[in-house]
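Heads up: the structure comes next, in structure tokens.
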Amino acid sequence: MIIAEIHPGEDLFSYINRINGCFDNGMYARLLGAANDFKDGDASRGLASDNDTTRTRARQLLSQTLIRDLHFRPVFVDELQQLIWRTTDRTQFDLIASWTLGELKDFLLEQPEEEIQEVLPGLTSDLIGLVVRLMTNGELCRVGAKIFNPLPGSNLGARGYLGARIQPNSPTDNPEDILWQVLDGWSYGVGDLLLGTNPVSDSLDNILAVEQTLREVVEVFGLTEHLPWCVLAHIDKQAALEEQVPGSTAIWFQSLAGVDDANRIFDISVDKMLGYGARRTGRYGLYLETGQGADGTNGMDKGFDMVLHEARKYGFVRALGQEISATTGRRPWIHVNDVGGFIGPEVFRTKDQLVRACIEDTVMGKLHGLTTGLDICATLHMDISLDDLEAAQDEIIRACPAYLMALPTRNDPMLSYLTTGFQDHVRLRERHGLRVNDAMWDFFKRIGIFDEDGRATVHFGDPLWVYYQYQLARGDLRSREAIFQEGREAMRRIRSRGVPLAVGHGTNRWDLAPEIDAYIRNFYHTAKEALWAEIPPEFILRLEATPLSTLAVDRADYIDHPFHGEQLSSTSVARLQQLCDGWLEDIPDVQVVISDGLNALAITDEGHLQPYLETLADELARAGFTLSEELLVLRYGRVRAGYAIGSLLFGGSDPQAHRALVHVIGERPGSGHHNYSVYIAAPEAARWTRGDVNHDIVRVISGISDTALHPADAARETVTILGEMTGTGKNPGTVDRQASRFSDSLGRRN
């Protein structure tokens, strides 16, 4: 947008009235967005300035606007916004209501922490989201470096400390993979905040198995008072498991969005989360995750920018914390992890955008009085390299986040993205004089990773040694050599499953060992090649499939503009209409669609697709489902393009009959397995007719390949889930795991 020259003393509202003749909420939201640093996620929605002159003028107008005027002109109001207002201290707000936003910025920059902490309860989330856009990165870091909100009874989030959530993810939820990544992190003195695993499957049996793995290692070492564990399934599942097996869970996880409608996609609401908060009466409360861009990529931007959405998520967390404290009379652990960069280039394309978002979010969390951590991450389809990620960490740490993620290397073997490695923590601690939580530091000395003077011992970076200590703590009476040999065999198995482990170090203690560094860098480049792979035309011919396409004109357009990959081309719409007309009244129960997604090799690799399709056809017939004879292959397709296909094919059929779309789609590369996922939507046809099928009713089976979840097993699981979703009892039998809901995380799948 273009902002005309500003009159002296003019604020946002007088400017809008002068230019527009009256107040206009859309113009207001665009002006607020123009004051932000540029991000692709805002630009794609017309909410970003692409030049410094416009941005400077927008900031000047905003800076000269009174806080009370901004408060009484919210850009969007829903139940979450009402909750934030109710849980903001009105007395403290009234003390600053007559300030301009620029005066609030100056106050935060100039005053000491003690005075700032007094004001924080009176800051609404929108005010916090607005004031940070007036600051440079350096100014944000100055504010972040003087506000600290440690977790009760710990040093986590305190000045001079940097915590770590070990994220021991496994492509197959293998307990051995999970256990050894925990031991690996501890061998570097990393992992003092949380042991938190993202599950592949959210069946209660699987969640329980992972919870028990994490719980046991904590209990064996006597750490239950200092270190919680968590399986990051949907909060409904965690609550159900705790009810069935009391004591199986510790801290509870949930992803949050910034507006009610986006939260509904993730199957939560204000009331549901407040209810769960009231149940958290022990030491450990809630672990929440947020991230700029999730609302917009789910079609719920509501016309305002990502920073304001993110600020409202922190207001949600603050309100939940108040609910827990009011119910229990104490402050249990409640903290928030900002996942910056997970969605992809449609939100942040460059390192600079990622850095800016992480610094903004750290400061916004602190201004809400929260213990705020970061997942400084990047997907492999962003323009961010391994070296860029390291440089970003070194910039962001100046804002003093409470904690970061921690993996053996920077690559997550299940989620296929890049984040913080164990040895990044070592580098950041040593360069910036940071420490781990005192209780866990004592533990690291107890198991011999550091000596009594805090110096690294010969066991630093040796997970075999920690495994030996683990076995001794369990009462294992075997010889050291026997335990070590068992450990070596376990490490070999884990690596064969594509899960890297860090052992030793390079020239510096924070460098990966040369052979591991070479492996990861080769892995990175190989994944980039997979990202740009195409489905060959002859492959579609061999399948005798009907080719479809989206609005994306090529691979680059597909990666850069996700919306294009969600919309079908006119030619494809016509082909689908012909198929639908050919069915007449004989409409099949199930239609299969195959998309390249972010990794066409996951579809075209030998032994990947054919076993799935053959087994699926057999099991569907055995279970009594009818399968469309037409196989559809969609080029440059995303998950929501499948919903569009389902609406075209099934809309208008018997409203009460369940019709299922089974969408096979290549997962983004980075796991080393060329995995694909299967998204299963099976609502009554009335919902296909309305065109409102969304992630909240979809089940997903992920990690499918000849080296991970075998395609034939995935096919049997698909039919089992279809029986559950349709309520028909058409069930050929179960397999070892079940699909998770797509809504369990903020777009973390594809």
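The values are calculated or read from the model by the stated rules, or taken from the named source; none is laboratory data. Note that the structure is predicted; figures quoted are calculated from it, not measured. Reconstructed Cβ throughout: ideal geometry from the backbone, glycine too, with neighbour counts over all protein chains shown.
Annotations for the structure displayed:
- In the condition set (1) at pLDDT 95 or above; (2) on the phi < 0 side of the Ramachandran plot; (3) part of a loop (DSSP other than H, G, I, E, B); (4) buried (at least 16 other Cβ atoms within 10 Å of the Cβ), Leu415 is compliant with all but (1).
- For segment 14-45, the set of residues classified as closer than 16 Å to Leu70 by Cβ and buried (at least 17 other Cβ atoms within 10 Å of the Cβ) consists of Tyr15, Ile16, Tyr28, Ala29, Arg30, Leu31, Leu32, Gly33, Ala34, Ala35, Asn36, listed by residue number.
- Matching residues, segment 520-554, being in a helix (DSSP H, G or I), at pLDDT 90 or above and either of a type in the set (Phe, Trp, Tyr) or more than 21 Å from His673 (Cβ to Cβ) (or both): Pro537, Glu538, Phe539, Ile540, Leu541, Arg542, Leu543
- Verdict on Ile16 being modelled with pLDDT under 95, β-branched (Val, Ile, Thr) and not assigned by TED's automatic domain parsing to the domain that holds Ala399: no
- Pair list, Cβ < 6 Å and 6+ apart or interchain, from segment 12-33 residues that are closer than 20 Å to Met306 by Cα to residues that are aromatic (Phe, Trp, Tyr) and in a loop (DSSP other than H, G, I, E, B): Ala29/Phe304
- Test: residue in segment 265-272 that is modelled with pLDDT under 95, over 24 Å from Thr371 (Cβ atoms) and in a loop (DSSP other than H, G, I, E, B): yes
Residue by residue, here is whether (1) under 30 Å from His525 (Cβ atoms); (2) hydroxyl-bearing (Ser, Thr, Tyr); (3) without any contact (Cβ under 8 Å) to a residue 12 or more places away in the chain; (4) in a helix (DSSP H, G or I) holds:
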{"residue": "Asp394", "(1), (2), (3), (4)": "yes, no, no, yes"}
{"residue": "Phe444", "(1), (2), (3), (4)": "no, no, no, yes"}
{"residue": "Gln469", "(1), (2), (3), (4)": "no, no, no, yes"}
{"residue": "Arg478", "(1), (2), (3), (4)": "no, no, yes, no"}
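Listed here are the residues, each with its yes/no results for (1) of a type in the set (Gly, Ala, Ser); (2) closer than 22 Å to Thr546 by Cα; (3) in the same structural domain as Ile268 (by TED's automatic domain parsing).
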site	(1), (2), (3)
Ala641	yes, yes, no
Val662	no, yes, no
Tyr679	no, yes, no
Ala685	yes, no, no
Gly703	yes, no, no
Asp713	no, no, no
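- Odd one out for Leu389 among (1) more than 22 Å from Pro413 (Cα to Cα); (2) in a helix (DSSP H, G or I): (1)
- Where helices (runs of 4 or more DSSP H) fall entirely within segment 85-181, those with at least 2 residues that are crowded, with 21+ Cβ neighbours inside 10 Å are at 101-110, 125-131, 137-144.
- Residue selected from segment 206-253 under the condition of a type in the set (Gly, Ala, Ser) and buried (at least 24 other Cβ atoms within 10 Å of the Cβ), by the criterion nearest to Gly321 (Cα to Cα): Ala250
- Residue match in segment 536-545 (condition: of a type outside the set (A, V, I, L, M, F, W, C), farther than 30 Å from Leu631 by Cα, in contact (Cβ under 8 Å) with a residue 12 or more places away in the chain and out of contact with any Cys (no Cβ under 6 Å at 6 or more places or on another chain)): no
- Considering segment 299-351, the residues that are in a loop (DSSP other than H, G, I, E, B) and charged (D, E, K, R) include one that is surrounded by the most Cβ atoms within 10 Å (Cβ to Cβ), namely Asp305.
- Test result for Leu576, farther than 30 Å from Gln393 by Cα, touching a strand residue (DSSP E or B) at 6+ places or on another chain (Cβ under 7 Å) and modelled with pLDDT of 95 or more: no
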